[in-house]
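The values are calculated or read from the model by the stated rules, or taken from the named source; none is laboratory data. Everything numeric here is computed off the predicted structure, so don't read it as measured data. For neighbour counting, all protein chains shown are included, and Cβ atoms are generated from backbone atoms with ideal geometry for every residue, glycine included. Ligands, DNA and RNA are excluded from the accessible area calculation, which covers all protein heavy atoms including side chains. Shrake-Rupley method; radii C 1.70, N 1.55, O 1.52, S 1.80 Å.
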Amino acid sequence: MPRIAYFGPQGTFTEQAAVRFGADLVPVETIQLAIASVRKGETEFACVPIENSVEGAVPATLDALVRDEPVVAVAETVLDVRFSVLVRPGTAEIRTIASHPHALAQVREWIAAELPGVTSIATSSTAAAAAAVERGEFDAAVTAPVAVTHYALEEYATDVLDVADARTRFLLLRRPGALPEPTGADRTSVVVTTPDRMGVLSELLTELALRGINLTGLESRPTKGKLGEYRFYIDVEGHIAEPRIGDALAALHRHSREIRFLGSFPKADQRPVEARNDEFAAAATWVDAVRKGERG
């Protein structure tokens, strides 16, 4: 059975997401290590968080996707986010509460209302917080509900969240190879490094708009080199096999200093994409006929 490295340890939301892909799960300590395990061939896949509806994109994932050899996404899944607050049995007072920074941000109002005066402490993951509470380092941990099955802790509170509809999207990554077939409800992701030129982002977005392509995500990250140089992470509806998507990516390539393809894969919501592929196919056929001298 294929192996999936996931952002662990056991008891994280990423574990809950990885279970959906039906493979042997291998917990690792960081997002970077999960992706590195695929690049090294230690596992066939990696499952990592890519964005949260409350806190936005996950910077560690964005940065890891452009380091070293390419990896591509072949699937995604979305989890509704609900937290549990776990404590050691017999805990009488909570003075410290720990979790991943994204988790703490999503329960900030709950902590202020229910545990006023408590000190919030950031950890590398929600499960790492649970392990630290188990060791007696902190009094409470904000975790994924599954964590209570992995640690000798009990639930102080469940279904904890400031924003009722919070969701997190996860990607299933592997090394480049044959792409998933188009389904009519797909997403394509690329990362573009642009030259330092006025209006370059507008140029990229115009190429998408001219082809009637729906932009579903746009994030910028510094290249960590020259000040003012950025990479743009772009998600669009559609599959690279579609003429209009392929045409758009070729146009982005012309405007970029570097472009990396991050995958074309079925969207988690399976909502069909409104496409204009027939007119692009017809235009390509006409150009081909003109080149052959068959049309005027």
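Using a probe radius of 1.4 Å on heavy atoms only, what accessible surface per residue do you get for the chain? Whole Å² is fine.
Details: 14170 Å² over 296 residues.
That works out to 48 Å² for each residue.
So which GluC sites (Glu not before Pro) in region 242-296 pass both tests, a DSSP loop state and at most 15 other Cβ atoms within 10 Å of the Cβ?
On the way: sites: GLU258, GLU274, GLU279, GLU294; in loops: GLU274, GLU294.
For GluC sites (Glu not before Pro) across region 242-296 that sit outside H, G, I, E and B with at most 15 neighbouring Cβ atoms in 10 Å, the list reads GLU274, GLU294.
Could you pull out the trypsin sites (Lys or Arg not before Pro) across region 170-265 that fall in loop regions by DSSP (anything but H, G, I, E, B) with no more than 16 other Cβ atoms inside 10 Å?
Values: sites: ARG174, ARG187, ARG197, ARG211, LYS224, LYS226, ARG231, ARG244, ARG254, ARG257, ARG260; in loops: ARG197, ARG211, LYS224, LYS226, ARG257.
Those that pass, being in a loop and sparsely packed, are ARG197, LYS224, LYS226, ARG257.
Write down the percent of antiparallel bridges among all DSSP beta bridges whose residues are both part of region 1-128, to the nearest 5. Don't skip to the answer; put the middle values down first.
Details: 2 of 14 bridges.
If we restrict to bridges inside region 1-128, about 15 percent are antiparallel.
So which trypsin sites (Lys or Arg not before Pro) in region 1-53 pass both tests, a DSSP loop state and at most 15 other Cβ atoms within 10 Å of the Cβ? Write down the numbers at each step before the final one.
Working: sites: ARG3, ARG20, ARG39, LYS40; in loops: ARG20, LYS40.
Those that pass, being in a loop and sparsely packed, are ARG20, LYS40.
Enumerate the residues in region 213-246 having an amide nitrogen under 18 Å from the point lying 7 Å beyond the Cα of GLU294 toward its Cβ.
Nothing falls inside the zone, counting backbone N under 18 Å.
Any chance you could list P(r) for region 132-225, counting all Cα-Cα pairs in 5 angstrom bins from zero, rounded to whole %?
2, 7, 12, 13, 11, 12, 11, 11, 9, 7, 4, 0
Per q in 0.18, 0.24, 0.26 1/Å, what log10 I(q)/I(0) does a Debye calculation on the alpha-carbon atoms of region 185-252 return?
Values returned for q = 0.18, 0.24, 0.26 Å⁻¹ are -0.65, -1.05, -1.18.
How high is the relative contact order of the chain, given as a whole-number percent (alpha carbon pairs under 8 Å, six or more residues apart)? Walk me through the numbers before you get to the answer.
On the way: 633 pairs, mean separation 61.0, N = 296.
Averaging sequence separation for qualifying contacts and normalising by length gives 21 percent for the chain.
Taking Rh as the Kirkwood radius computed over C-alpha pairs, what is the Stokes-Einstein D of region 87-193 at 10 °C in a medium of viscosity 1.306 mPa s, expressed in µm² per second? Walk me through the numbers before you get to the answer.
Details: Rh = 16.1 Å.
Answer from the Stokes-Einstein relation: 99 µm²/s.
FRET efficiency for LYS226 and THR96, Cβ-Cβ distance as r, R0 = 41 Å, nearest 0.05? The partial results should precede the final answer.
On the way: r = 41 Å, r/R0 = 1.00.
Result of the calculation: an efficiency of 0.50.
Could I get the Rg over Rh figure for region 152-202? Both from C-alpha atoms, Rh via Kirkwood, rounded to two places. Present the calculation step by step, with values, prior to reporting the outcome.
Numbers: Rg = 20.2 Å, Rh = 17.2 Å.
For region 152-202, the value is 1.17.
Springs between alpha-carbon atoms under 10 Å, Gaussian network over the chain: tell me which of ALA144, ALA98, ALA283 tops the mean-square fluctuations.
Maximum among the listed residues: ALA283.
Lysines near LYS292 by alpha-carbon distance under 20 Å, same-chain residues fewer than 8 away left out - which ones?
Cα-Cα hits under 20 Å: none found.
Out of all Cα-Cα pairs in region 1-102, roughly what percent, to the nearest whole number, are more than 17 Å apart? Working shown, then result.
Details: 2879 of 5151 pairs.
Across region 1-102, Cα pairs with separations above 17 Å total 56 percent.
At 1.002 mPa s and 20 °C, plugging the Kirkwood radius over alpha-carbon pairs of the chain into Stokes-Einstein gives what diffusion coefficient in µm²/s? Don't jump to the answer; show the numbers that get you there.
On the way: Rh = 20.9 Å.
Roughly 102 µm²/s, to the nearest whole number.
Which FRET efficiency value, to the nearest 0.05, is calculated for GLU109 and GLU29 with the Förster distance at 30 angstrom and r the Cβ-Cβ distance? Mind dumping the intermediate values first?
Numbers: r = 30 Å, r/R0 = 0.99.
Efficiency at R0 = 30 Å is approximately 0.50.
Bin width 10 Å, origin at 0, all Cα-Cα pairs of region 239-292: what percent of pairs per bin?
Result returned by the calculation: 20, 40, 32, 8, 0.
What is the extension gain from ASN214 to ASP269, computed as 0.36 nm multiplied by their sequence separation minus the C-alpha to C-alpha distance, in nm to one decimal? Present the calculation step by step, with values, prior to reporting the outcome.
Details: separation 55, 0.36 × 55 = 19.80 nm, distance 1.53 nm.
Gain in length upon complete extension: 18.3 nm.
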